[in-house]
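The values are calculated or read from the model by the stated rules, or taken from the named source; none is laboratory data. A quick note: this is a predicted structure, and the numbers were derived from the prediction, not measured. All Cβ positions, even for glycine, are placed from backbone atoms using ideal geometry, and neighbour counts span all protein chains on display.
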Amino acid sequence: MTGKTLVSQWADLAPIPMVLLDEDLHLHWSNTAAGRLLQARTAVMEVEGALEAVHDPDQRILRDQVQEATCAPSLRVIGASPKEACLLIAQRLQGSTNRQVMLILRPADRLFHAETINFPDIRRLFRLTATEIRVVEHLLSSASPLEIAKASQIKIGTIRTHVRNIYAKMGVTSREGLFMRCLPFTWLDGVN
C-alpha cells in the first residue's frame, strides 16, 4: 500500500467532515463524515453535485468563504440558529490548477462540549458591555463592520472601536481568534 493510498483512506474515514470543491461550489470529493452531514441538511447540503447552504442568507457567506480562501485557513459560521450553526474552515490547495478549496465543516453539536459556560458568563468574564455582546454576535455570524453598523444604527467608526475593544478585552487579534475564544460558551437567544 502506498503512502498516497494510506492518506486517501485516512481522509475518507476521518471523523471530521471534509469536502474538496472549486470556486463555483462544485463538489469534487467528500469524505464519509461529510456525506452524512450533507444528507442531514442542517446547514449545508448537496444539490446537483454542488454545495449549497440550507438557508438562503448563508449562501453568500458560503460562496464568499470558498472564493476568498487563501493558503492560510480561514473560518466563518453559517446557520439559522445556534443549534444549526456550522463552522466553515476553508483553505485553498497549493499548486491546484483549477483553484480547489478544502472545506472542513464543523457542525454546532461538535463545536460545543457538554460542559460549556452559559452565555451571560462571557459578559462578566471579559467585562463586555451589552453593545459589545451584540457586536460579538454579529461578528460570529460573519457580518461585516458595515453590516453591523447598519443593523445597529451605529456609525461604522463606533463599530470599529467596539471591535478593537472586544479584541483587547478578549485577548484576540482576529475574528478567527474571537470565534475560537467563544467556542466554550453556550450562546442563548434573547440575552441582553
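Structural remarks
- Among all residues of the range 125-134, there is at least one that is part of a helix (DSSP H, G or I) and modelled with pLDDT under 80.
- Consider the range 124-179 and keep the residues that are touching a residue at least 60 places away in the same chain (Cβ under 8 Å) and of a type in the set (A, V, I, L, M). The one that is surrounded by the fewest Cβ atoms within 10 Å (Cβ to Cβ) is Ala130.
- Where a residue in the range 50-67 is in the same structural domain as Ile89 (by TED's automatic domain parsing) and small (Gly, Ala, Ser) and its partner, wherever it lies, is in a helix (DSSP H, G or I) and modelled with pLDDT of 90 or more, with Cβ under 6 Å and at least six apart: Ala53/Gln59; Ala53/Leu62
- Candidates Leu139, Leu178, Leu87, Leu146, filtered to the one that is at pLDDT 75 or above and either assigned by TED's automatic domain parsing to the domain that holds Gln39 or not in a helix (DSSP H, G or I) (or both): Leu87
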